[in-house]
1. Pick out the one residue from Ala85, Ala112, Ala67 that is of a type in the set (Gly, Ala, Ser), surrounded by fewer than 22 Cβ atoms within 10 Å (Cβ to Cβ) and within 16 Å of the ligand (Cβ to nearest atom).
2. I'm checking my understanding of the structure. Among residues of region 135-157 that are surrounded by 23 or more Cβ atoms within 10 Å (Cβ to Cβ) and assigned to a loop (DSSP other than H, G, I, E, B), which one is farthest from the ligand (Cβ to nearest atom)?
3. Which count do you get for residues in region 273-286 that are surrounded by 16 or more Cβ atoms within 10 Å (Cβ to Cβ) and not in a loop (DSSP other than H, G, I, E, B)?
4. Of (1) within 16 Å of the ligand (Cβ to nearest atom); (2) farther than 21 Å from Ser83 by Cα; (3) in contact with a strand residue (DSSP E or B) (Cβ under 8 Å, 6 or more places away or on another chain), Glu172 satisfies all except one. Which?
5. Would you point out which residue out of Leu127, Leu73 is touching a residue at least 12 places away in the same chain (Cβ under 8 Å), away from the ligand (no atom under 15 Å from the Cβ) and of a type in the set (A, V, I, L, M)?
6. Hey, can you tell me all the residues within region 317-368 that are β-branched (Val, Ile, Thr) and crowded, with 18+ Cβ neighbours inside 10 Å?
7. Considering region 50-61 alone, what residues qualify as being more than 16 Å from the ligand (Cβ to nearest atom) and either surrounded by 23 or more Cβ atoms within 10 Å (Cβ to Cβ) or of a type outside the set (A, V, I, L, M) (or both)?
Amino acid sequence: MKDDILVTRPLLPSLDSYVDKLRVIWDGKWLTNNGPLLLELAGRLKERMKAEYLELFTNGHMALDIAIKALGLTGEVITTPYSFASTTHALVMNGLTPVFCDIREDDCNIDADKLEALITPRTSAILPVHVYGWPCDTEAIGRIARKHGLTVLYDAAHAFDVLVNGRPLVCEGDAAMISFHATKVYNTIEGGALVLHSAKIAEAAADLRNFGIKGPESVTGVGLNAKMNEFAAAMGLCNLELVDDAIARRRALTEQYISSLSGIKGLRLMDYGRAERESIRLNYGYMPVRVDPSLCGFNRDELFDFLGTRGIFARKYFYPLISDYECYRDRFDSSLTPVAKRVADSIITLPISASTTAQDVERVCGAIIELCKSKEA
Ligand SMILES: *Cc1c(COP(=O)(O)O)cnc(C)c1O
């Protein structure tokens, strides 16, 4: 309905600015395979992310899949069950065994203190996720990886433009995948990138993205088709002009949420004070809130359903845990990651996007406060 408030809306440039880019495509008649728009976008993103090597892909998932292949991961990979399907699917699709590590209660990221106990002689890598764009403990993870000779591949799907002490978070680890899906802070309709630190791995990833084709008469790898096309690159170039503004708007909306909700008993927001203390520049991609029914008298599902009756569409992100998916639950026991289980059962992400308005946030918070009052009475 017209007045509905959706959890997110894509960042969209003006149609005119997109059409201007389309003219370049029509003039050059170059639709895909390293076209001029893709090269321009790759160059600008590489600079923006201070990346040694950056490669673009059809989507974040293919980028992750190809990173796994290019890095030559084998055996077991330690990862988090508190993520989107893509993270674990990429491992399983490559014949690897995911080993689920529990998460931290405060930032929902992999708990580095629990990593070492999960390392076996078959472990080749760690695949953590910067959940909601909040940085993992990259120092501790890096230290453990170096000690045991493991590769670190970050699912940085949420981490576009996140800075820690001025350094792009996507530069951490041996490789990081970023998603440019329509629902992310920055989009190329569908799209993704790998940030890499070795010429050899970058070249392998670039070849694998195009069927493993090295040259006209040379195919050196069993690759896939994961090339970004010019229409996606055109969207990426247009949205690059808008994304700083979009993040600033998201920040203002987040501050509005914080001031309206932080006093409410039983609702727990992320630790925004930590962002100040640790010089983390967030991208405000999500507005996660945890619901403690023992303090506020309603649980996450009741809040989710109540908001729905008010035309407000939030999201249970991430719920269920990956290890509880129908396709995985026979193989994994989610009670072994009790913190992740607890967080998944209590999390709700509230509407936020560049086109969310202050009135929208007021309505969302008003509805939450209404539910709280009805439970107090
Ligand atoms: C969006 C997302 C992906 C996948 O990215 P796509 O571009 O949609 O393929 C992977 N991991 C996480 C955590 C995500 O949120």
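Nothing in this text is a laboratory measurement; each read-out follows from the coordinates by a stated rule. Only a predicted model underlies this, so the values are computations on that prediction, with no experimental measurement involved. Virtual Cβ from ideal backbone geometry, glycine too; neighbours counted across all protein chains shown.
1. Residue meeting the stated conditions: Ala85.
2. Selected residue: Pro135.
3. Final tally of qualifying residues: 3.
4. It fails just one condition, (2).
5. Leu73
6. Passing the criteria: Ile322, Thr337, Val343, Ile347, Ile348, Thr349, Ile352, Thr356, Val361, Val364, Ile368.
7. Listed by number, the residues that qualify are Lys50, Glu52, Tyr53.
Residue-wise test of (1) closer than 17 Å to Val7 by Cα; (2) small (Gly, Ala, Ser).
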| position | (1), (2) |
| --- | --- |
| Ile322 | no, no |
| Phe332 | no, no |
| Ser335 | no, yes |
| Lys341 | no, no |
| Ser355 | yes, yes |
| Gln359 | yes, no |
